[in-house]
Amino acid sequence: MLRRILKVLLKFFYRVEITGLEHFKQAGDRVLIVANHTSFLDGLLLACFLPKKLSFAINTQISERWYSRLIRPIVNLFAMDPTNPLSLKSLIRYVQQDKRVVIFPEGRITVTGALMKIYNGPGLVADRSGAMVLPVRLEGAQYTPFSRLRGRVRLRWFPKITIKVLPPQVISAPDNVRGRARRKYAGQVLSDIMTDMMYKTGNYNRTIMQGVLDAMKTHGRNHKIVEDIERQPLGYNQLLTRAFILGNKIKDNHEHGEYVGVLLPNSVGTVVVFLGLQIHSYVPAMLNFSAGAKGMISACETAAIKTVYTSRRFIKMGRMEDTIAALAEKVKIVYLDDLIPTVTLFDKLRGAVNARFANTTYMRKSKKAKPEDPAVVLFTSGSEGVPKGVVLSHANILANGVQMSTRIDFSAQDIIFNALPMFHSFGLSAGTLLPLLSGMRTFFYPTPLHYRIVPEMVYEVNATIMFGTNTFLKGYARFAHPYDFYSLRYVFAGAEKLHEDTRKVWSERFGVRILEGYGATETSPALTSNTAMDNKSGTVGRLLPGIEYKLLPVPGVGKGGRLIVKGANIMRGYLLHDKPGVIQPPVTEQGEGWYDTGDIVTLDEDGFVTIRGRAKRFAKVGGEMISLTAVEEFISRVWQDKQHAVVSIPDDVKGEQLVLVTDDDSAERKELVTAAREQGIGELNVPKKTIKVKEVPLLGTGKTDYPAVQALVSTELGLV
């Protein structure tokens, strides 16, 4: 009777919704129920809404507290002393009696809003007892005063709570794994089960605008969310009001689903334009302004772009008058500076009303946009070939955000410093959209190249999270004061290999551990990442949940294979120059939906990924396959704080030979030969020729521009 009364009260006040009860029945009688721990209500919720009378494995001290005594009549409490190693064996024997036992593997209520550390003990219990593991996701209780997130999220008394029961799984360590290794193995499997649970129950089946509107509901209309160098932060309501005003101004200029060019720097205004286009289901195509007139014209042709939105002020400051003149011969240029003076009081009032009733207005204006519809077009950097248009859907981007959030404790109290351009997938997805959807405040800086100013701005805005590439992070380290980065919790590096000297200087001088990740524009972008809980230097981390992978053998490469991946974050497809505006879905020999990264990787026993090089960036020298990426890493260890690029050219005797392009004036081959011998590296890995330049060609994203390097080498050596 007490259980029924409590269930009715909880359902009335919290509108509790439970799904997946068929999985509870499927699990049988010997079950270890594992759930994320969001609040003091969690035990009561599980006891009331899961069938049968359950047992709860809890700490001896907690079992004596008042809230534990309250639920004693409706559950069985199995008290465990964490200081007694025999407690775990007792629990294993108890579960083996065909008991349904609930345990919170985190061991404590979350104080971050994300999963905390997963202990190995519960995994070992499941392994040794032979019990089915039943994952249960609790969502919503973290927003109540009964959580431990006061000051981190907007609390309210009666938010909606959902309970999602997932299919049961088995943890069974191999027979040859024993002792401490078995405990670690079982714990890692359980940790993966928990992160997979968080991903599978994440809400990414919606549009970007729906995600932003849901975030506003969660964090509040006035929650400050974006800011730039104008230093006028906007809350959700102000941001959406401006987006609706702009959207109303351009609503008749384009067709539903049309690709629309955006040529703007990192700023609040660019976010307004992006959302203004999203409201009407127009697809922003983010143009790379560092590609020059030829590159942008090619991009516009590839995506069949008819109109480009830009700013006179931006064009003037970027000295791109000639570029925009050439672009204007191919497409219509709309200057936002000319639109602003036409905004009337009526436009402002209508925008405010639209923002107030944002959900209804969006559904009407978007013509019922679907999660699988194209959301944005980004253009590949062209670091190894002709740039292509990459079409990402709403679900692609949101799924990748959920994948990252399962492993990283993002919080509405975080401040993101984003200097990576929005035409870069890292800068758009991770640096702009993820914060918008998670309630994190983002400070936009227009360029990552201001090596002296960026550290000062990070210090001034008290940024807690920063994204960058090795090139940019190395540049900031040269000019930053040791205290400039005191507020940073996490620094994530991607897009290029993180050099050991960069990692070391950030760790020793600033006390900040750089977490290296890996991905591609085509994967929205993250595929792997090191995290605070799973970190191994020299690797790019473990694959994010929800990503299938295969390693295909590469002739001549004995260790590792070419990585191909599949998942909800994989792009809709390419736009190719010879078929403008037509989406070409990803396909490999494994079938549709699989994307070939073109990277040679290895995975160790713990699942950490190491990039060995790109399949296209191997040279066959004297019959041996040489990774050009590995050669660059070796040279960077010898001559630190310099930029190096290695390419190959034909060789009549050995098939190919390596050429080094460097900005180090003192570079001498004999020094490399000596270092190679000391490090046990074969001399075939030492470039035969060295070309010294003032600057190694770079793309706007900070990555090496290999086509430009190859052209430079061909010119210098008279190969053209």
Under 5 Å between amide H atoms, partner at least 5 residues away or on a different chain: which partners does Thr690 have, H built in plane at 1.01 Å?
Leu660
Give me the Debye-computed log₁₀ of I(q)/I(0) at q = 0.11, 0.18, 0.21 Å⁻¹ for segment 29-111, equal point scatterers on Cα only, no solvent, two decimals.
-0.27, -0.75, -1.04
In degrees from 0 to 90, rounded to the nearest 10, what is the angle of the helix 236-250 Cα long axis to the longest principal axis of the chain?
50 degrees
Log entry: pair-distance distribution for segment 480-555, C-alpha pairs binned every 10 Å from zero, whole % per bin is 17, 43, 29, 9, 2
Would you mind ranking Met363, Met198, Met404 so that the residue whose beta carbon has the fewest other beta carbons within 10 Å leads the list?
Met363, Met198, Met404
Per-residue HN-Hα couplings for segment 597-603 [Karplus 6.51, -1.76, 1.60; θ = phi - 60°; Hz; x = Gly/Pro]
6, x, 9, 8, 9, 10, 10
Just list whichever of Lys89/Lys550; Lys642/Lys670; Lys566/Lys703; Lys184/Lys642 have alpha carbons separated by over 29 Å in the model shown.
Lys89/Lys550; Lys184/Lys642
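Take every Cα pair under 8 Å in segment 228-376 that's 6+ residues apart, average their separations, divide by the length, and report that relative contact order as a whole percent.
This gives 31 percent for segment 228-376.
Is it possible to state the helix-based mean residue ellipticity at 222 nm for the chain, with each DSSP H run of 4+ residues giving -39500 (n - 2.57), the sum divided by total residues, to the nearest 500 deg cm²/dmol? What is it? Numbers along the way, then the final one.
On the way: 25 runs with 248 residues, N = 720.
The helix-only estimate for the chain comes to -10000 deg cm²/dmol at 222 nm.
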Can you give the angle from 0 to 90° between the axis of helix 179-200 and the longest principal axis of the chain, with both taken from C-alpha atoms, to the nearest 10?
80 degrees
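Compute the convex hull volume of the Cα atoms of segment 622-716, divide it by the residue count, and report the result per residue in Å³ as a whole number. Walk me through the intermediate numbers first.
Numbers: hull volume 9.7 nm³, N = 95.
In segment 622-716, the Cα convex hull volume per residue is 102 Å³.
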Among Trp594, Ala412, Thr715, whose Cα lies farthest out toward the positive end of the dipole of the chain, if unit charges sit on the beta carbon of Lys, Arg (+1) and Asp, Glu (-1)?
Ala412
Percent of Cα-Cα pairs more than 12 Å apart in segment 182-244, please.
76 percent
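What is the dipole size for segment 622-716, taken about its Cα centre, with +1 at each Lys and Arg Cβ and -1 at each Asp and Glu Cβ, in debye to the nearest 20?
It works out to roughly 40 debye.
Taking the beta-carbon count within 10 Å as an exposure proxy, list Val587, Val226, Val693 from fewest neighbours to most. Please list the in-between numbers first.
On the way: Val587 13, Val226 26, Val693 16.
Starting with the residue having the fewest Cβ neighbours, the order is Val587, Val693, Val226.
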What residues qualify as long-range amide H neighbours of Val226, i.e. H under 5 Å apart, gap of 5 or more or another chain, H built at 1.01 Å from N?
Leu234, Thr442
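Using Cα pairs under 8 angstrom and six or more residues apart, how large is the relative contact order of segment 622-716, in percent? Write down the numbers at each step before the final one.
Numbers: 135 pairs, mean separation 25.4, N = 95.
Here the relative contact order equals 27 percent.
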Students often forget the sequence filter, so: which lysines lie under 16 Å Cα-Cα from Lys579 once same-chain residues fewer than 8 apart are removed?
Lys306, Lys388
Over segment 208-603, one equal point on each Cα, no solvent: what is log10 I(q)/I(0) by the Debye formula at q = 0.08, 0.13 Å⁻¹?
-0.40, -1.13
Compute the angle between helix 208-219 and the longest alpha-carbon principal axis of the chain, please, reported from 0 to 90 degrees and rounded to the nearest 10.
50 degrees
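Net charge near Cys48, counting Lys/Arg +1 and Asp/Glu -1 over other residues with Cβ under 9 Å of its Cβ? Before the final figure, lay out the partial values.
Details: positive: Arg3, Arg4, Lys7, Lys11; negative: none.
That works out to +4.
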How charged is the neighbourhood of Tyr476? Take every other residue with its Cβ under 12 Å from the Cβ of Tyr476, and add Lys/Arg as +1 and Asp/Glu as -1.
+2
Return the sequence-ordered ³J(HN,Hα) values of segment 97-107 in whole Hz as given by the Karplus equation 6.51 cos²θ - 1.76 cosθ + 1.60 applied to θ = phi - 60°, using x for Gly and Pro.
7, 6, 9, 9, 10, 9, 9, 9, x, 6, x
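What number in nm² do you get for the chain if you take the convex hull of its Cα atoms and divide its surface by four?
On the way: hull surface 136.3 nm².
Projected area, direction-averaged: 34.1 nm².
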Go through segment 82-95 residue by residue and turn each phi into a ³J(HN,Hα) via Karplus (6.51, -1.76, 1.60, θ = phi - 60°); whole Hz please, and just put x for glycine and proline.
x, 8, 9, x, 6, 4, 5, 5, 5, 5, 4, 5, 5, 5
Treating only the Cβ of Lys, Arg, Asp and Glu as charged (+1, +1, -1, -1), what charge dipole size does the chain show about its Cα centre? Round to the nearest 20 debye.
3420 debye
Compute the projected area of the convex hull of the Cα atoms of segment 2-200, averaged over all viewing directions, and report it in nm² to one decimal place.
10.8 nm²
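Under a Cβ-only charge scheme (Lys and Arg +1, Asp and Glu -1), can you give me the dipole magnitude of segment 208-603 about the Cα centre, in debye to the nearest 20?
On the way: 43 positive and 35 negative charges, 150 e Å.
Rounded to the nearest 20 debye, it is 720 debye.
Over the chain, calculate the relative contact order: mean separation of alpha carbon pairs under 8 Å at least 6 apart, over the residue count, as a percent.
Values: 1471 pairs, mean separation 68.0, N = 720.
About 9 percent, as a whole number.
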For Asn76, distant residues with modelled amide H under 5 Å away
Leu54, Ser55, Phe56
Among Ala126, Thr302, Met320, the residue whose Cα sits farthest towards the positive end of the charge dipole of the chain (+1 at Cβ of Lys and Arg, -1 at Cβ of Asp and Glu, taken about the Cα centre) is Ala126
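Quick note: the coordinates plus some simple rules give every number you see, no bench work behind them. The shown structure was predicted, so the numbers you read here are calculated from the model rather than taken from an experiment. Note: ideal-geometry Cβ built from the backbone for every residue, glycine included; neighbour counts use all protein chains shown.
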